[in-house]
Amino acid sequence: MEIKYLSLCILVGVLFVSQVNASENNGKDDVKYAALTQKDLDALPVEKRASVLDELGFIHEYGLNVPMNREQALQYYKQACELGGNYGCYNVKYAYQYGDGVAKDSAQANKYAKKMNLDNLLIEQEYIDKFSQEIYAAKALADTDKSQRPEFINALFNLLNNRPESDALFFSRIGFNQEKTFRLATLWVQDGDPQMDYQLGLLTLNDFSGHYVDEPYKARPASLKWFRAAAEKGVVEAQSLLGGIYSGGEGDEWGIKPDIQEAQKWYGQAAEQGDSDAQIALGKIYYSGATGRTDYAKALALFTQVENDGTNSRSTMPLSWMYYNGLGTAPDCDKAWSYYKKASRYVGKKVEEKIFLSKCAADIQSRKNNADALPKVTLKKESIFSRGITAKPKECALSFQIGTDKIRNMANLHITLELKNADGMATEETLMIPPFGLNTLGIDMQNHDVDPLVTTYDLPLYTQDFCHGIGDIHFTLKSATATINDKNVDLLKADSVRFVDKE
């Protein structure tokens, strides 16, 4: 008898650990739960029995790898409720309130609601009633109208994500937790609604399944499957997210290499749907020349579109920058100041009007004076850094400092280096450096403090061969080109660039 009881406890324990992976094991654990007999249940400790009954109610309520049976689900929830009030009570209330698997009966609904255990709940009864009414009204809509399901899952995501333990306990008592939300979304994604793909991506990313507790960094690559599915079906939030991932900011955290063409593609699709964040991001890609060539006219058009739409304050500072430097348009100091003054309400004011206008006029003249003079560009190795096991496929990054001697209209600065390690292995890498050295204002397009004549560049590497120490790498300049005042210039041939290996 003791051996049988122990075996049953082990079985239920294993089921509870593995139920979070129900979508990955084709629901075999749901079937095992459903096979438990009343005798099996009676052999369990009360608290464990209550949680198992609650699980049985859940899988029968939604037909998770067992036939859907709302009447049977109600009976399981009732049994769970009677075992201390930690599980099932509000599920029973919902059934009677909305006539789900039983005739509507407000008296029975209130009766079971009062059975819920209130211990350790840091919330007053009136708010318990208020919150439960709102969430169950949304649940009722989702149960009967498939189009409401993504919105319901999103509501649960917002209610359950990163909540303190006391809040999680409350929502668990009224029938909701992260793991159930994940399993419900996994079921409902089969409806084919693209928004549910996106919601399942969010749930996976924030580990509602509990599958990545010990290795949280693995949640990002796992969620990418769902975000990509949503993006391919036209979900604008997913398209914008993919644009950000591929643009190189944190792509290695998602298990992919930066791909600016892919970033441009996804940002472009989101921008076409009117997503202002994507429009700004796409504008910055055109400004930076990350695709190979700057396109200031397209960048300016996108920033202007967002500004005119009035949907996003982050377009204002880039517009000030474009007019200050005359990028895609003639320089206009007054317009640049007007946009900077407006942007300062959000990003802070680092330059006063008099200084701003004075420097703007002086910088315009300096760019004219330096128009025909070649720059003196220096490239200096700075450091090597790795982000560890959370950053794949990138193994490390080499950090460089790039400087120029005077302000001028310089863009499309491309420097190719040969890297050779101590073992004689060699590779060529090209640094595609965004515009810098345009003015003396002392801030950049984001209003960050900068040295006007210096910028930095991090070169990602995808092999450990060159990640052991920057001092072990020998660098050779292979080529250096730039666009100076709309003219393509071979800086290496003109002896206008040098690599600084040592101080």
(request) Mind counting the residues in the range 425-469 that are of a type in the set (V, I, T) and crowded, with 18+ Cβ neighbours inside 10 Å? (result) 3
(request) Could you check T181 against (1) surrounded by fewer than 18 Cβ atoms within 10 Å (Cβ to Cβ); (2) outside the structural domain of Y98 (by TED's automatic domain parsing); (3) not hydrophobic (A, V, I, L, M, F, W, C) and say which number it fails? (result) (1)
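If you scan the range 408-437, which residues turn out to be free of Cβ contacts under 8 Å to residues at least 60 places away in the same chain and under 29 Å from the mean Cα position of the chain (by Cα)?
Start the filter on the range 408-437 by keeping residues that are free of Cβ contacts under 8 Å to residues at least 60 places away in the same chain, which leaves 419-431, 433, 436.
Selection gives E429, T430, L431, I433, F436.
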(message) Checking Q97 against (1) part of a helix (DSSP H, G or I); (2) in the same structural domain as Y76 (by TED's automatic domain parsing); (3) closer than 30 Å to H211 by Cα: exactly one of these is not met. Which one?
(response) (3)
(request) State which residue is surrounded by the most Cβ atoms within 10 Å (Cβ to Cβ) when the search covers only the range 221-259 and only residues that are over 16 Å from L202 (Cβ atoms), modelled with pLDDT of 95 or more and out of contact with any Pro (no Cβ under 8 Å at 6 or more places or on another chain). (result) G243
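Any idea which of Q190, Q195, Q199 is surrounded by fewer than 17 Cβ atoms within 10 Å (Cβ to Cβ), in a helix (DSSP H, G or I), at pLDDT 95 or above and outside the structural domain of K78 (by TED's automatic domain parsing)? So that I can check it myself, show each step before the final result.
Values: Q195 fails: surrounded by fewer than 17 Cβ atoms within 10 Å (Cβ to Cβ); Q199 fails: surrounded by fewer than 17 Cβ atoms within 10 Å (Cβ to Cβ).
Criteria check complete, one pass: Q190.
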(message) Need the failing condition index for F152 against (1) touching a residue at least 24 places away in the same chain (Cβ under 8 Å); (2) in a helix (DSSP H, G or I), just the number.
(response) (1)
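Here is a yes/no grid of residues against (1) assigned to a helix (DSSP H, G or I); (2) within 23 Å of V189 (Cα to Cα); (3) hydrophobic (A, V, I, L, M, F, W, C):
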| site | (1), (2), (3) |
| --- | --- |
| K39 | yes, no, no |
| K48 | yes, no, no |
| E61 | yes, yes, no |
| Q72 | yes, no, no |
| K104 | no, no, no |
| Y112 | yes, no, no |
| N120 | no, no, no |
| S132 | yes, no, no |
| K139 | yes, yes, no |
(request) Can you give me the ranges of the helices (runs of 4 or more DSSP H) entirely in the range 206-322 with at least 3 residues that are touching a residue at least 40 places away in the same chain (Cβ under 8 Å)? (result) 236-246, 276-288
(request) Answer yes if at least one residue in the range 474-495 is buried (at least 16 other Cβ atoms within 10 Å of the Cβ), among the aromatic types (F, W, Y), out of contact with any His (no Cβ under 7 Å at 6 or more places or on another chain) and outside any loop (DSSP other than H, G, I, E, B), and no otherwise. (result) yes
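The values are calculated or read from the model by the stated rules, or taken from the named source; none is laboratory data. Fair warning: this is a prediction, and the values are worked out from it, not measured in the lab. Methodologically, a virtual Cβ is constructed for each residue, glycine included, from the backbone with ideal geometry; neighbour enumeration extends over all protein chains shown.
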